[in-house]
Structures are given as C-alpha cells and as structure tokens.
C-alpha cells in the first residue's frame with residue numbers, strides 16, 4: 001500500500017518505447033483502489049495465459065523485506081508466474097518515481113523481446129501514468145528544495161513562480177504548496193521553465209496499453225481493508241516491522257510512510273496502543289482508497305468492470321477482454337502449465 005501520490009506533473013517522454021513491429025498494442029494495465037482484489041485477478045489471468053507477465057506498480061512492493069504489510073505476492077506465486085518490480089530496492093533507500101520508470105521500461109522491453117504481454121497491476125496512480133503514457137520525470141534538486149521548504153510563504157513562492165513560469169503558475173492554485181514548491185524546484189534547479197517539460201497529468205493521450213479497472217462498492221472496499229489488516233497481523237505484520245526497524249540502516253523516510261508500517265512504527269515507539277495504531281491504519285487506508293478512486297476517475301480511458309461483492313465476479317469478462325481478442329495468435333492463446 002502506498003502513501004499519497006507524489007509530484008503531480010510529469011511530461012511526455014520524447015523517446016517512448018516502440019511497440020513490437022507488426023503487432024498491435026497489447027500490454028494491459030489493471031488498476032483499482034487498494035484492497036479491490038486486482039492483484040489476485042491479475043494472477044489468475046496470468047495462470048490462464050502463460051504469455052502474460054506481471055509488472056507490479058506499487059511504490060512500496062519495491063522494498064525488500066516489506067512483505068506482509070504491502071500484500072506482496074508470495075514466493076510460491078512468484079515462482080508460478082513471472083513478476084517484475086518486486087524487491088528491487090533496500091528499505092533504507094528513498095525510491096523515486098524516476099527510478100521506477102527506468103526499471104518499468106526495461107521490464108516491458110524484456111517482456112516484448114520474449115513475445116509476451118506485460119500486465120501492469122497496482123494502485124500507485126502516478127507510477128501507472130508514468131509507464132502507460134511514457135512520461136519523463138523531472139529531476140530532483142535537494143539543495144533547491146531545502147531552500148524552498150524553509151520559506152513558509154506559499155503565496156510568495158507562487159508569485160515567484162509566476163514571474164519565472166507564468167504558464168506553470170496558472171495551472172495550479174496559489175495555496176497548493178506541494179505543487180508550487182515542486183514547480184519552483186524544477187524551474188530553478190534545471191534552469192528551464194517547469195511548463196516546458198510537458199502538459200502535466202491533466203492530459204490523457206492515446207496509449208498502447210489497454211487500461212482496465214476493477215471497481216467494488218465503497219462499503220465493500222472499506223470492509224476488505226479492515227479484514228486485510230486482521231489477516232496481516234495474524235501473519236506476523238508487527239514482527240516484520242520490528243525486524244525492519246532493527247536492521248542497521250533502518251527504514252528510509254519513504255518506506256516509513258507506507259500505510260500500516262507508519263502506524264505500527266508509532267506503536268512500537270510507545271506513541272499508541274496496538275488497537276489505536278490499527279484503527280488509525282484502517283481509517284487512513286480507507287481515506288487513501290477514496291483518493292485513489294478520485295485519481296482514477298479522472299482518466300476517461302479506463303474501462304471499468306464492476307463487481308458487487310467479490311472481485312472475481314469480473315474475471316470471466318476480464319479474461320474475454322484481455323485473452324480472447326488475441327486468440328488468433330498461437331503464442332498468446334497458449335494455456336496450461338508454464339514450462
């Protein structure tokens with residue numbers, strides 16, 4: 001589970017990964033809010049079609065050792081079906097969007113080279129957009145950022161941005177400090193206007209990925225979130241957090257913000273009882289799910305499949321959409337055990 005989506009503006013990559021010659025776009029991105037069952041659906045699809053390889057789009061599943069609390073695929077599942085972008089960073093690293101995009105592009109190229117299809121699955125909205133729209137992520141400039149963070153006058157920072165890049169300033173509310181500071185960081189650090197990097201995330205261009213979403217009623221998602229925390233605690237989530245904190249390098253600032261981990265860390269520090277920590281984790285995760293739903297709802301390209309209670313209700317329709325249309329290709333239609 002990932003915390004709030006980071007920087008909101010990432011422009012198009014001028015040199016996107018080309019599709020395989022002579023073949024139509026056939027990669028898929030399966031999305032939905034946390035606890036909506038999309039990962040289980042993706043795994044079942046990959047079991048039905050052995051040319052599908054899964055690409056995790058979760059900003060916290062990248063961390064080694066953060067297994068239970070991120071609902072990471074099990075070793076048995078990863079042995080059964082190819083998974084990418086899981087366990088690619090140590091938990092003391094501050095993993096960035098730019099690093100994820102680089103790894104995701106390399107994974108998709110390798111999957112294409114095998115004549116297979118990439119099935120992206122996850123709920124980290126910015127990471128998904130960065131991959132499906134071939135976005136280039138502006139660099140980070142820590143010294144510039146530190147200077148800007150030290151200035152509490154958000155309105156003044158927006159005025160400064162207006163003078164340097166009126167187009168970017170006009171795209172955001174003067175009170176939206178996160179966006180204002182990020183735009184100024186890039187403008188000052190790179191020496192070019194932030195707006196010159198592209199139109200940002202308010203544009204939804206054509207993409208070679210099929211975008212499909214699984215959707216459950218709000219109250220069902222809320223219940224599934226709470227039940228998942230109970231299962232994770234029974235599986236040893238608290239011990240996992242305790243073990244990670246005991247590592248010599250500890251956890252990075254980014255990893256510490258993962259939902260569930262953040263609250264259990266506070267409990268282990270004596271700042272809350274276990275019941276209080278779990279209650280807060282459930283409430284925060286439910287709020288996060290609402291923000292995810294709002295993020296995905298803005299993308300008109302997503303074709304939604306609605307279930308009433310069990311996400312597997314949509315599996316037959318999802319399989320027809322993603323497997324049957326390509327059945328004319330013997331390689332894609334192949335089923336059965338993986339070699």
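Assorted remarks:
- Considered as a group, the residues in segment 81-98 that are over 15 Å from residue 56 (Cα atoms) and over 13 Å from the mean Cα position of the chain (by Cα) include one that is surrounded by the most Cβ atoms within 10 Å (Cβ to Cβ), and that residue is 91.
- Subset tally (residues that are assigned to a loop (DSSP other than H, G, I, E, B) and either within 21 Å of residue 285 (Cβ to Cβ) or not assigned by TED's automatic domain parsing to the domain that holds residue 66 (or both)) for segment 226-251: 3
- Every pair of residues 6+ apart whose Cβ atoms lie under 7 Å, when the first sits in segment 256-281 and is closer than 21 Å to residue 33 by Cα and not assigned by TED's automatic domain parsing to the domain that holds residue 244 while the second is modelled with pLDDT of 95 or more and part of a helix (DSSP H, G or I): none
- Looking only at segment 110-135, and only at residues there that are in contact with a strand residue (DSSP E or B) (Cβ under 7 Å, 6 or more places away or on another chain) and part of a loop (DSSP other than H, G, I, E, B), the one that is nearest to residue 40 (Cα to Cα): 123
- Any chance residue 290 is in a helix (DSSP H, G or I), modelled with pLDDT of 95 or more and surrounded by fewer than 16 Cβ atoms within 10 Å (Cβ to Cβ): yes
- Considered as a group, the residues in segment 64-102 that are free of Cβ contacts under 8 Å to residues at least 24 places away in the same chain and in a helix (DSSP H, G or I) include one that is farthest from residue 136 (Cα to Cα), and that residue is 76.
- Verdict on residue 58 being part of a loop (DSSP other than H, G, I, E, B) and within 18 Å of residue 129 (Cβ to Cβ): yes
- Residue count, segment 293-314 (criterion: exposed (fewer than 12 other Cβ atoms within 10 Å of the Cβ) and in a helix (DSSP H, G or I)): 1
Let's see how each residue does on (1) surrounded by 18 or more Cβ atoms within 10 Å (Cβ to Cβ); (2) in contact with a helix residue (DSSP H, G or I) (Cβ under 7 Å, 6 or more places away or on another chain):
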{"residue": "191", "(1), (2)": "no, no"}
{"residue": "194", "(1), (2)": "yes, yes"}
{"residue": "199", "(1), (2)": "no, no"}
{"residue": "213", "(1), (2)": "yes, yes"}
{"residue": "232", "(1), (2)": "yes, no"}
{"residue": "245", "(1), (2)": "no, yes"}
{"residue": "258", "(1), (2)": "yes, no"}
{"residue": "261", "(1), (2)": "yes, yes"}
{"residue": "275", "(1), (2)": "no, no"}
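- In this structure, residue 182 does not satisfy being in the same structural domain as residue 319 (by TED's automatic domain parsing) and assigned to a helix (DSSP H, G or I).
The values are calculated or read from the model by the stated rules, or taken from the named source; none is laboratory data. Keep in mind that what you see is a predicted model, and the values were worked out from it rather than measured. A quick note on method: Cβ atoms are made from the backbone with ideal geometry, for glycine too, and the neighbour counts reach across all protein chains shown.
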